[in-house]
Each structure stands twice: as structure tokens, then as C-alpha cells.
1. So if we plug the beta-carbon distance of Gln217 and Asp371 into 1/(1 + (r/R0)^6) with R0 = 56 Å, what FRET efficiency do we get, rounded to 0.05?
2. Report ³J(HN,Hα) in whole Hz for each residue of the stretch 169-175, in order, from the Karplus equation J = 6.51 cos²θ - 1.76 cosθ + 1.60 where θ = phi - 60°; Gly and Pro get x.
3. Near Ala141, within a Cβ-to-Cβ distance under 10 Å, what is the net charge of the other residues, with Lys and Arg +1 and Asp and Glu -1?
4. Starting from the Cα of Lys383, step 7 Å along the direction of its Cβ; do the same at Ala97; then give the gap between the two resulting points in nm.
5. Can you tell me the length gained on complete extension of the stretch Arg107 to Ala429, counting 0.36 nm per residue apart and subtracting the Cα distance?
Amino acid sequence: MDEVRVHPLDYLLVLRRRLRWFVVPLVVCLAAGILVTFLLPLKYRSSATIAIAGGTVSADLAHPIDREERVRAFGQHLVEPAMLSTVARLEHLTPGAPTDAQMLALRQSIQVSLPEPVPGTDPGLVDSYVISYSDSTAERARRVAQRLAEVFVDETSRARQVKLEDTSEFLAAQVRETRDDLDRLDGRLAGERAKNMGRLPEQTSANVQMVTTLRQQLESATTELRDQQDRLRGIQQQLTAFTQDATTLAPNQAATTPQQRVIELERKLAESRLRYTDTYPDVQDLKADLDRAKKDVAAERQLPPEDQMAVLKQNPAYRALLADRDQANLRIRDVQRTLDQLNGQIHWYQGRLDGAPIVEQQIQSLQQERDLVEKQYDELSNKLQVARLNEDVERKRGSDHFRILYPATLPSAPYEPNRQRLLLLTIGAALFLGVLSTFAREYLDQSIHDARTLQQQFDLPVLGEIPHIRRVA
């Protein structure tokens, strides 16, 4: 199959043959574009620039993440319903309270942007914002843009001051509540310390030392008790022996009982008989005394035990032993009483030592809770101090936080529609539509207009062709 070749003059032939399909769409599109360009409503835009004084604005406006985020945050503050309602009321944009549709239209007419950064400065730092408002009249666009800037500055400063005051009041209430909690915990801690006085952790060493001292005293008292008991047993043995051995008489010991007198007289009589005879007067006197003594012994043995004991008590040695026994019994009772007191004190101090871990755990828990509340109290106090300082600074600064750097100006020309651009677009669209309709009509037309097309369609040789003869007027 032969390759189909199209000569550039063929396009001119098609255009000449379909001139009406080119001109009509072209004229219609141009007419419609011109009509739309001059009938579209005009929109004027006026802008006011707000600057940040001192660079101490809140973090969500002054230093967000990036430029787009800063613009979004600033725009959200600007188009709050309360602020837009104030602007609409002051500029009489709506006859009454603005409806949702009117508020939406007002938001769509407001635009927030950032000015171009100054060369040589950090583009991340923002110290000004541009507020733009679009309207059908230039004067109203200027007035509303200026009003938006003024209302934003006033409302933002007032809202910040109210917010700071509310923050101060809230923090003050929190500080009071934390102070009350701290006082309550101090009271509980003091009560626990008073109730467990003696079992406190810091008193453990003193309790241990006291128990050690008391045990040493207990050991000394126990030793003394044993000594006194041994002494008492010795005295008791001496008394028993004194009673049983009343007939014995030690050398150089004076006779104190009738039996001892008998023994002494018999000894003296035996000694006298070694030197004298029985007729000697001294021997006779000793015999007489011995008889009397034996009679006394016999008379004493016939006395009841009580009288015998009374007679025995007349002996000074026996009375001395009784006195020693009474003194030993008294001392034993005193030592036993001391032992009971020492055992009670040791048990008491040991109870303190045994309960000290539980008391320490309770007091430590209360102390930790108190330390946590005290830390919260210090943090809240510092925050309250900072909040009051910021409140005072904000009150003194007034609306200097934001200020209008450049007021809104009267726009000299509408920014919409751009008639030159619309006209150029209309001409381009008209040409494109005319060419498109021409070649579309040619493509849809199945008739044959020249010998080459005939030969291509039917694959037949063309013997001759009659040229098109133009009529001459």
C-alpha cells in the first residue's frame, strides 16, 4: 500500500473549503469571551499590614513550624466568629446578625499572607502579617480591611489580657488548694509523729542504746539478787546452826545461855580439880554454881517453844543474825522490784524497736506525698508569679502587642477580572475552536473532492481531472 502523503497546501484547501466552519465558531467564541470579560463583576482588594511589637507574641502566632503554618494559625485567629460579627456590625455588611452563609462569604473574602522577607534576614522569623479583603467597591474593600486590622489588634490584646487574668485566677486557686493539701499533710505528719513518739526512725539508735543500758542494769541487778540470796541462805544457816548448836561454846566466848553456862562451869570445875581438892572453897562454889545452872537448864527445857525462842532472842549474836536476815530480805525485795521494772522497760523499748519499721514506712509514705505536694506548690507558685508578671506587663503595654504597620489603602484598579489575560485566552480559545470545528467537519465529510483522494479510496487509476473554475463576477 502506498504511503499517504499530505502537503501543507492541503490544509489551506481544507480551510478554504470549510471557511464557514472556521469563521462561525471563531466569531461566536470571541463574542462570548468579550461579553463575559466586560460583564464579570469587578473585585477590588485592599491590604493592611500588622506588625508584632517586640516579638513576644504567643508561640502559635510568632514562631510556629513554618511559614504556611504561621499563616494558618494567624488566619484562624482572624476569622473567629466573634471577630467577624464585630466587623460586619461596625461596617454594616449585613442588615442584622450575619447568617452562616454570610459568615462563610465573609471568610472567603479575607486572605492572610506574609510579606516578602527582607534580603539578609532569617525567613523563618515572622514579625508582620498582611490582611487582605476583597469587595466589589474599592472604598468598602479599604474600610473593611482597615476595620479587620483594628478589630484584630483590639480583640487580640483584650483576649490576651483576659486570658492572662483567667490564668492568674486559676493558678491562684490551684496554689490555695495545694497549700491546703500541704497543711493537711503537715497536720497528719505531725499527728503521726506525736502518736508514735519514741518509735520514730530517728529515735531508733536512742532506743537501741536504752535497751542495751537496761539490759546491763538487769544483769547487774540479777547478780546482786543472787548475791543477796546467797547471803540470806548463809544467815539462815547460821540461825539454824545457832539454834541447834546452843550447847557448844567457842573458846574465849562468853556464856549466853544456861547450857553454855553449864558447859563453862564444868570446864572450870575440871580445871580446878586438877589443882585443888573437892573441899577447896572455889571448887565448892563451882559445884554450887553448876547445880544452879543445871537446874536452869532443866527449867528452860520445860518451857514452851515460844518462851525458848524469847530466851534465845535475848542473845545479842542471835539478834544480830535476825537483823541481817531482815535486811537481806528487804534488799532482795528491792532488787526483785527493780528487776520487774527493768524487764517492763526493756519490753516497752523493745516494742518501740519492733514497731519502728511500720512507723517508718507510714511516715515515709506521708513524707513522700508531702514532698510531691510541696514540689507542685513551688511549681504553681512560680507559674503564678510569671502569670501575674505577664498580666502586669500586658496591662501596661495595652494594644502594643500587635500594631498596624501599614493601614489599608484605596485600590487604584480591580484585581479581578484581568481583562487583558481574559481577552488573550478568548482569542486563543476562538482560534482553537475554529480550527477544531473545521477539521472535524472535514473528517466527518465522506465526499471526494480531488483525484488523489479518489485514487486512495478505490485504488483505481485516474484518467483525468477537471479543475475547479471560479466564477468571475
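Derivation of every value follows stated rules applied to the coordinates shown; laboratory data play no part. What you see is a predicted model, and the numbers here were worked out from it, not measured in a lab. Neighbour counts run over all protein chains shown; Cβ positions are idealised from the backbone, glycine included.
1. Numbers: r = 41 Å, r/R0 = 0.73.
Rounded to the nearest 0.05, the efficiency is 0.85.
2. 5, 5, 5, 5, 5, 5, 5
3. +3
4. Label-label distance for Lys383 and Ala97, simple model: 3.5 nm.
5. Working: separation 322, 0.36 × 322 = 115.92 nm, distance 3.35 nm.
Taking Arg107 through Ala429 to full extension adds about 112.6 nm, to one decimal.
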